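Only one structure is covered here, and it is reproduced in the block below.
The values are calculated or read from the model by the stated rules, or taken from the named source; none is laboratory data. Since the model is a prediction, treat every value here as computed from it, not as a measurement. Here the Cβ is made from the backbone with ideal geometry for all residues, glycine too, and neighbour counts use every protein chain on show. Note: accessible area is taken over every heavy atom of the protein model, side chains too, but ligands, DNA and RNA are not part of it. Shrake-Rupley method; radii C 1.70, N 1.55, O 1.52, S 1.80 Å.
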Protein chains: 2
Amino acid sequence: MAASLLKHDVFQAIADPTRRQLLRLLGEQEMPVTAISGHFPMSRTAVSKHLRILADAGLVKPRKVGRETRYRLEPEPLLELKRWLSYYERFWENKMSALQRYVESDESDGA
Amino acid sequence: MAASLLKHDVFQAIADPTRRQLLRLLGEQEMPVTAISGHFPMSRTAVSKHLRILADAGLVKPRKVGRETRYRLEPEPLLELKRWLSYYERFWENKMSALQRYVESDESDGA
DNA sequence: ACTATATAACACCTTTTGGTTTCATGTCAA
DNA sequence: TTGACATGAAACCAAAAGGTGTTATATAGT
C-alpha cells in the first residue's frame, strides 16, 4: 500500500518549522487550505506548497468535500522517524547504565 | 551555507541523508575528518561542512588529539526529536482518533 | 446559465544548500 | 628547520527551497 516513490521523505518534510506547525494543526482537526492559511503569516499558495511537500512524504492526505479539499494528518510515516530514532536509544540508555555501573561499583568497592 | 548566524536545529540537521549517515558512523566510533570522508563520495571539505552543521545542532562534538580533530556522536539533542515525536504517539496508539475526526467532519457537512 | 468560491497549476524571484577548488594554519616527525 | 599531513576558511557555483502573484478549473448557490 505504501508507495516508496515519494518525492520527499519524512526527514526533509519535518525539517521546516512551518510544516511542523501544519502537522500539529491538522492533527487537531481536518481542514481545508483556506482555513489553514488563516493560521500562518504567508500566502495561501505558500501554505499549499508546504502541504504538497507533506503530502509527498505521506504525512497528510487530501479529501475532497464539495469544492473544498480538506487535509488531514497521516501519522504513519512518522513511524519511520521513530524507528530511525530507536537506533540511538542505546546511546542515552548506555549513558544511564554507565552512571548506574559507576554508582554501583563505588558502593561495592566500599564493601 | 556560507554564513550560518543561526544555530542549526536538530530537525534541519537530520534532514540530509549524508548527515544521518555521519551520525550512524560516529555512533560506532570516534573518528577524524579524513577517515570519515573515506566513507563518502564527496570531498573532505564537504564532509567537514556537514560536520559543522551537526556540531551547530549539538549532535556531534569535536575533540582535538594532536593534529587530528576527532568527532564523536552527541545523542542528547535527539531527545528533542523524541519529545516532538511523542506528541504523535496518540495517533497510532489510538486508532479510533482517525474515525472520530472523520465522523466529526462528516457531521459538520450537514449530510 | 451565471457568479462567487476553493484550490491547483504556472511563471517568476530571492535565499539557502550542498558541493567544488584553492589557500592558510597548525602539528608531527626527520 | 624543513617537509608532510590534518583541518578549517574563503570564494565560487549550480540547484533546490521558499516565497510571491496570476491564471485555470471545478463546484456551490442563486
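Cβ-Cβ distances below 9 Å connect no pair with a first residue in the stretch A:38-65 that is at positive phi, a second residue that is open to solvent by 20 Å² or more (accessible area, probe 1.4 Å) and within 9 Å of DNA strand C (Cβ to nearest atom), and a separation of six or more residues or different chains. Each residue in the stretch B:17-32 was checked for being under 18 Å from B:T45 (Cβ atoms) and either modelled with pLDDT under 95 or open to solvent by 40 Å² or more (accessible area, probe 1.4 Å) (or both), and 1 of them qualify. Screening A:S4 with (1) over 11 Å from the mean Cα position of the chain (by Cα); (2) of a type outside the set (D, E, K, R); (3) modelled with pLDDT of 95 or more gives one miss only, at (3).
Just name the residue that is surrounded by the most Cβ atoms within 10 Å (Cβ to Cβ) out of those in the stretch A:42-65 that are more than 10 Å from DNA strand D (Cβ to nearest atom) and part of a loop (DSSP other than H, G, I, E, B). Filtering the stretch A:42-65 for residues that are more than 10 Å from DNA strand D (Cβ to nearest atom) and part of a loop (DSSP other than H, G, I, E, B), the one surrounded by the most Cβ atoms within 10 Å (Cβ to Cβ) comes out as A:L59.
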